[in-house]
Amino acid sequence: MPHQTAAMVYVLSSRLNPDVAICVQYCLAHGYYVKSVIQDDWRTACDYLYRGEAEVIVVADARSLDPERAPRVEVVAHQTTNPERPDVPTGRAPGRHRRNDGFGRGGRRTRVVNRSEAG
């Protein structure tokens, strides 16, 4: 019989019904079996991991987690340093302009010709 991952579902009491449904559906879709549903007690959910009784904690929304909880995992991808202005690459630094150094694509040297010189 293949190994099936044991999952803990962590929810807040204030969002119990919708979050449990979402988490159980997620577990089924990923082949996990739900070991238990834990309400409002992050430490208890983590204890299941420490004791080896579960391998994953499933949470419906990261906003359900206290940002000061411990232990925690912080994922850097898709994070912004300033919530008012997301970090999006713009291609150049603000306030700076590119200078034409006389080289075009492929390193070929180009020459700007004055109309008076062109004849």
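Of note:
- Karplus-derived 3J(HN,Hα), 6.51/-1.76/1.60, for each residue of region 65-75, Hz, glycine and proline x: 9, 5, x, 9, 4, 9, x, 8, 10, 10, 9
- In terms of overall dimensions, the C-alpha atoms belonging to region 6-64 reach 27, 25, 16 Å along their principal axes, ordered largest to smallest.
- Nearest-0.05 FRET efficiency for ALA29 and GLU55, computed from C-beta distance (R0 25 Å): 0.95
- Other-chain or far-sequence residues with amide H under 5 Å of ILE57's (modelled H): MET8
- Taking 0.36 nm per residue of separation and subtracting the Cα-Cα distance, full extension of the segment from ASN17 to ASP40 would add 6.9 nm.
Bear in mind these aren't lab numbers, they're just calculated from the coordinates by the rules spelled out. Just so we're clear, the structure is a prediction, and the values are computed from it rather than from any experiment. So basically every Cβ, Gly included, is an ideal-geometry build from the backbone, and we count neighbours across all protein chains shown.
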